[in-house]
Structure formats: structure tokens, C-alpha cells
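Trainee: Here's a structure for you.
Values quoted throughout were computed directly from the atomic coordinates according to the rules given, and no laboratory measurement underlies them. These numbers come from a predicted model, not from an experiment. Methodologically, a virtual Cβ is constructed for each residue, glycine included, from the backbone with ideal geometry; neighbour enumeration extends over all protein chains shown.
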Amino acid sequence: MIGVKDRSTNAANVIDIAGVGNVAEVYDSVAEGIIARYYPRGGLAGNVLRRHGALVAEAALAIARRVSGPDPDRSFIRFIREAALLHDIGIFRTSAPEIGCTGSHPYVCHGYLGRKILEERGLPAHALVCERHVGAGLTAGDIRVMSLPVPIRDMLPQTLEEEIVCFADCFFSKTPPPGGTRHSPEDVIAMLEAYGSEKAERFRRWLDRFGPPP
Ligand SMILES: [Fe+2]
């Protein structure tokens, strides 16, 4: 892990987490060591994954600091950063040519496919963040009703870490590549309403609890 000083002006908050706003500083050698196995540098999919992961990590870290108060738990912060950078590791196994992914699975599968990858790499907790972030969380009922091509089981964020990464991810689309799009809370709610009012309600509860990312 790269130890980078927080840019906060409050000295009491100085910890070794990445400064926000600089993709290079947000990067993390643990996460990049895994990403580089599947995403060659310079390829479209890798550029999209790294950029999107860094944006989600910046937002998630800001929320993590907000909920942690002046003395954040270092392992909590470290996990949030790694999990945010890795949460979409499964996209290369899906078919999404507009972002350089040429796999055979439908895109919605990237969460559980990412889980498999990270479990194989010995990161079971990070793996659950992958599986549980898709669509602001899916229930087994959602999967049945929408006939989604994923294993039928609850895939809802359960831990605070899983909730923060999933919430932060809602604000960032990967298209148009490579930078993607940032959405307002109102945009996110409108998008989620299309898939069910419970999803939008879950997001609203997170918004009340965490506040929008800076
Ligand atoms: Fe994502």
C-alpha cells in the first residue's frame, strides 16, 4: 500500500490514506497487483476500470472519513480503498465492447464473477463487495423477477464497508469511456426507481446517513 498523507487541513485527521482528487495517489499496490493480472496497462478496459475504481475510491474514502470521525480505524480505511478499486474486477469477463470488455457473460454478471476472482486470490471480504454492489444490491427475489442470469441468492450490501462502496459506486457510470459520467443524487434515484422503489429507497437511506460524496 502506498502511504500518502491525507490532504485534510485538520492535523488531527492526518492519516496515511490517499488524498482525494488525484488518481495516482488513490492507487494502491495491493489492488493494482491484482488488477494488472487481468487488465494490461493501456487497454481500454483497464483504463476504464482504473479510472472508475479511483473515482469510486475517492468518494468512498471521503464517506469513510465522514463516518469515522477524527480517529479512523486504519484497517477500515485500507479495506474501503482496496475494495473500491477492485469492486468491478469482473467486468473483463463480460461483453461490454463500448468499454473494451470482450468476455462472454452479460454485464450484470460482473459482480459475482468478480467475487470468484477475488476469492481465488484469497480476498473473501473484498469478493463480497464485488458481488453485492451491482444495481445498489439485488435480492434473490429481484433476480427471479427480472430473470437475471446470475446465481439466485441475496446480493445486498450487509457490512458498512459494503454499503459505502456500493453507495459511492452509484454516482459513477463508466460511459462514455474512459472518464465516465458523474451523476447527481436525483439522477441516481431516478435510475434506481426504474428497477424498483425499494432500490431507490435503499439509496435514499444511504444518502441521509452518509451524505453525498464531495
Ligand atoms: Fe462500479
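Trainee: Pull up all non-local amide H partners of Ser95: gap of 5 or more, or a different chain, and H-to-H distance under 5 Å with H placed in the peptide plane.
Mentor: Here Gly103, His105, Tyr107 satisfy the definition.
Trainee: Quick one: net charge around Asp208, please, counting Lys, Arg +1 and Asp, Glu -1 for every other residue with C-beta under 14 Å from its C-beta.
Mentor: Result for the local shell: +3.
Trainee: Here is a follow-up. If you take every residue apart from Pro178 with its C-beta less than 12 Å away from the C-beta of Pro178, what net charge results, scoring Lys and Arg +1 and Asp and Glu -1? Please list the in-between numbers first.
Mentor: Values: positive: Arg50, Arg51, Lys174; negative: Glu98.
Summing Lys and Arg as +1 and Asp and Glu as -1 gives +2.
Trainee: How far, in nm, would the chain grow between Ser173 and Ser104 when pulled straight, counting 0.36 nm per residue and subtracting the alpha carbon separation?
Mentor: Once the chain is fully extended between Ser173 and Ser104, it gains 22.7 nm.
Trainee: Continuing with the same structure: I'd like to know how the chain sits against the 2.2 N^0.38 Å rule of thumb: what's its Cα Rg over that expected value? Present the calculation step by step, with values, prior to reporting the outcome.
Mentor: Working: Rg = 16.3 Å, N = 214, 2.2 N^0.38 = 16.9 Å.
Expressed relative to 2.2 N^0.38 Å, the Cα Rg reads 0.96.
Trainee: How high is the relative contact order of the chain, in percent, counting Cα pairs under 8 Å that sit 6 or more residues apart?
Mentor: 18 percent
Trainee: Return the tail of the calculated pair distribution for segment 127-181, meaning the percent of Cα-Cα pairs more than 19 Å apart.
Mentor: Working: 543 of 1485 pairs.
Here the tail beyond 19 Å accounts for 37 percent of pairs.
Trainee: What does the extension gain come out to for Arg204 and Arg41, with contour length at 0.36 nm per residue minus their alpha carbon separation?
Mentor: Here the segment from Arg204 to Arg41 would lengthen by 55.0 nm.
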